[in-house]
Amino acid sequence: MKKLAVSSFLILSAFCFQTWLSPLKAHADTVTLTLENVGPGNNSGGVYTYPYNFSIDGSSSYVSLMCFDYNNEIYEGETWTATVVPINSLSSPEDLELAYLFSVASNPSTPEPTVSDAQWAAWELFDSALTTAPDQAGVNALLATVPADLSGFDSGYVLYIPQSGWPEGDDTPQSFVGPAPTPEPSSLMLLGSGLLACAGAFYRRKRCTA
């Protein structure tokens, strides 16, 4: 069997790196979340509501997430490790409904009162005893709009579930839902680009000496 040419090997290696680093890579098993700030004006009934703006794995670009755990507390600057659980066709009906509620809250055209209702609906989805929403009628009306077919919300969303052993030790952080994280491993991306450049240089040199 013929040996794989060096240039072909370099190209193949670069392709593997670039594919592995593609934005299509849905999620990591765990990420580090840092609560940077909360959106302006998102206070309903004396508590913060969506958006909670996070840095994921130290990224300078913030991601807006929605909380679905009412009882635990977090504070700005707090950092913890979270397990990333993708929402897919095998997810529970509650998780799919949560993805729908997040899509409502994160839609720029959604009025602020409805954003608050979506946040309270997310909390009530996992805490049936919670009845303190300032606009319970609005929450109920929003829940009535949940589609019977939620198959359109079984991709592109993930849950961020806090792990035990968070560094602050104040209390278990809250759980969040949001878009799947996009990794930013710039150094490895450069390595993949470098392999492509080496492959090209090797190929040109081979042709010149042929």
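Miscellaneous remarks
- The one condition in (1) over 14 Å from the mean Cα position of the chain (by Cα); (2) touching a residue at least 40 places away in the same chain (Cβ under 8 Å); (3) surrounded by 16 or more Cβ atoms within 10 Å (Cβ to Cβ) that Glu124 fails to fulfil: (2)
- Within the stretch 154-170, considering residues that are over 22 Å from Asn107 (Cβ atoms) and either surrounded by 12 or more Cβ atoms within 10 Å (Cβ to Cβ) or under 9 Å from the mean Cα position of the chain (by Cα) (or both), the one modelled with the lowest pLDDT: Glu168
- Given (1) surrounded by 13 or more Cβ atoms within 10 Å (Cβ to Cβ); (2) touching a residue at least 12 places away in the same chain (Cβ under 8 Å), number of the condition Thr110 does not satisfy: (2)
- Residue ID - farthest from Ser175 (Cα to Cα), chosen from residues in the stretch 120-143 that are touching a helix residue (DSSP H, G or I) at 6+ places or on another chain (Cβ under 6 Å) and part of a helix (DSSP H, G or I): Gly138
- Residues of the stretch 133-142 satisfying the condition of being more than 13 Å from Ser103 (Cα to Cα) and surrounded by 13 or more Cβ atoms within 10 Å (Cβ to Cβ): Ala133, Pro134, Asp135, Gln136, Gly138, Val139, Asn140, Ala141
The values are calculated or read from the model by the stated rules, or taken from the named source; none is laboratory data. Computed from a prediction, not measured in an experiment: that's the story for all the values here. Methodologically, a virtual Cβ is constructed for each residue, glycine included, from the backbone with ideal geometry; neighbour enumeration extends over all protein chains shown.
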